[in-house]
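The values are calculated or read from the model by the stated rules, or taken from the named source; none is laboratory data. All figures in this text were calculated on a predicted structure; none of them were measured in a lab. Backbone-built Cβ (ideal geometry, glycine too); neighbour counts: all protein chains shown.
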Amino acid sequence: MDKQKIYDILESVKDPEIPVLSIADLGILRNVEISDQGKLVITITPTYSGCPAMDTIEEDILTILDSEGYQAEVKTSISPAWTTDWLSEKGRRNLEEYGIAPPSESTTDKSFLTGAHKEIRCPQCKSNNTKMISHFGSTPCKALYKCKACLEPFDYFKCI
Amino acid sequence: MTEEKALYNYLIRLGDNALILGQRLGEWCGHAHQLESDIALTNVALDQIGQARLLLSEAARLQAEGKDEDQLAFHRDEHDFRNNLLVEMENGDFGQTITRQFLFDVYQFHLLKALCQSQNDFLKAFAEKSVKEVTYHRNLSRDWVIRLGDGTEKSHQKMQNAVNLLWQYTGELFEMDETDEVLINSGIVPDLNDLRPLWEKEVKMVLDEATLTIPDTRGYMATGGRKKGEHTEYMGYILAEMQYLPRSMPEAKW
């Protein structure tokens, strides 16, 4: 079994809420392994503890692999803890093009823990003159911002 | 008490706190004063329920009686729940809810930070993941406590009423018994006496900034939930609403 082929197939499994991101882009897809019994084992990790998309993602993985003739098992691991640091560069670019501001800093920069956010760039007009409206947005992973230049609201993918 | 039994007890305590608090916060859905707060409260609820799922799933696995997270959440009776009384208190107004949240968030934050050093792989991994989410919860609740406490005369009064009501439920957060002793000896959980001063310092600092005072409960602190499953009169109603569907239709599937 060619692991790269499996990864290529799984590239088409997207985040149900953010269809421009694949589970690999998000760092949700952690591992592809062949078990001792010759079984294909896919390991995923949840972003937030309560992320309701995980069941859908698991189903999507099994469905797409099945359609390509592979039987697989999906395992969920919570360690190491998912972090926005795992977002790929491609993922960040796609997020911004889609209209969601990508996480602005690496989590080694602890400012996010103290609540002091760096300037977030508006994905529409690219101005840095933006303001947070709410810590929480349409999904647990996003905050709601407003651009004071173009006056449009936008989601910001929070660092965690 | 065996280490395994103690661990099961501890996971149930953590899981029940997450579950009942999540359920309480979920009651706000569609009822908050503004859309952003509605979304904030329900997002926090979702994080809590996610944590409850992880904790109760692990408890069920340890228990090895063939049960799963849903059976523990929806088919246990009131006296088998071991959450702290604080989380089952009424939502009241937004000020009361956010005060309850703040008092619990600071506790949860320090507890999870300590659990990041746990010798138990699951608790360590769980804590490392959840402490980041709880950091956001605490930032939210802290900001609102300050804003409403040091707000208008009316908001200040409502917040002071909330603190006066809820303070007597904070002592139970630091109660320990044999379950804790067994796990402290194995390096699995922290000694809550070490966490209390951290909690007190942070809470007092924020309440000061919010111009709120701590009531004199004359040493009285409510107790009974964590150690004995003796709950307030609210618990029955919470469970009735939460458990009604799975209990009346046990074969139901999503």
Inset, instruction - Please indicate, with yes or no, whether at least one residue in the range B:146-166 is within 14 Å of another protein chain (Cβ to nearest Cβ), surrounded by 15 or more Cβ atoms within 10 Å (Cβ to Cβ) and part of a helix (DSSP H, G or I). - result: yes
Inset, instruction - Among residues belonging to the range B:176-212 that are surrounded by fewer than 13 Cβ atoms within 10 Å (Cβ to Cβ) and in contact with a helix residue (DSSP H, G or I) (Cβ under 9 Å, 6 or more places away or on another chain), point out the one that is farthest from B:Phe104 (Cα to Cα). - result: B:Asn185
Inset, instruction - Identify the residue in the range A:120-160 that is within 14 Å of chain B (Cβ to nearest Cβ) and aliphatic (A, V, I, L, M) and, among all such residues, is nearest to A:Ile28 (Cα to Cα). - result: A:Ile160
Legend entry - Matching residues in the range A:61-84 - criterion: being small (Gly, Ala, Ser), under 14 Å from A:Ile23 (Cβ atoms) and within 14 Å of chain B (Cβ to nearest Cβ): A:Ser77
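Would you confirm whether any residue within the range A:112-119 is part of a helix (DSSP H, G or I), within 14 Å of chain B (Cβ to nearest Cβ), modelled with pLDDT under 95 and out of contact with any helix residue (DSSP H, G or I) (no Cβ under 7 Å at 6 or more places or on another chain)?
yes
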Legend entry - Matching residues in the range B:6-29 - criterion: being outside any helix (DSSP H, G or I) and either in contact with a helix residue (DSSP H, G or I) (Cβ under 6 Å, 6 or more places away or on another chain) or under 22 Å from B:Ala59 (Cβ atoms) (or both): B:Trp28, B:Cys29
Inset, instruction - Evaluate the range A:9-31: report whether one residue or more is more than 24 Å from A:Asn94 (Cα to Cα) and either assigned by TED's automatic domain parsing to the domain that holds A:Ser138 or free of Cβ contacts under 8 Å to residues at least 40 places away in the same chain (or both). - result: no
Legend entry - Criterion: surrounded by 22 or more Cβ atoms within 10 Å (Cβ to Cβ) and in contact (Cβ under 8 Å) with a residue 12 or more places away in the chain - qualifying residue of B:Glu88, B:Glu69, B:Glu27, B:Glu78: B:Glu88
Inset, instruction - Please verify whether the range B:111-122 includes one or more residues that are of a type in the set (Phe, Trp, Tyr), crowded, with 18+ Cβ neighbours inside 10 Å and closer than 29 Å to B:Val206 by Cα. - result: no
Inset, instruction - Name every residue in the range B:36-61 that is closer than 12 Å to B:Leu21 by Cα and of a type in the set (D, E, K, R), in order of residue number. - result: B:Asp47
Legend entry - Number of the exception - A:Cys125 against (1) surrounded by fewer than 18 Cβ atoms within 10 Å (Cβ to Cβ); (2) at pLDDT 90 or above; (3) part of a strand (DSSP E or B): (3)
Legend entry - Counted residues, the range B:167-209 - those being closer than 20 Å to B:Ile12 by Cβ, of a type in the set (A, V, I, L, M) and in a helix (DSSP H, G or I): 6
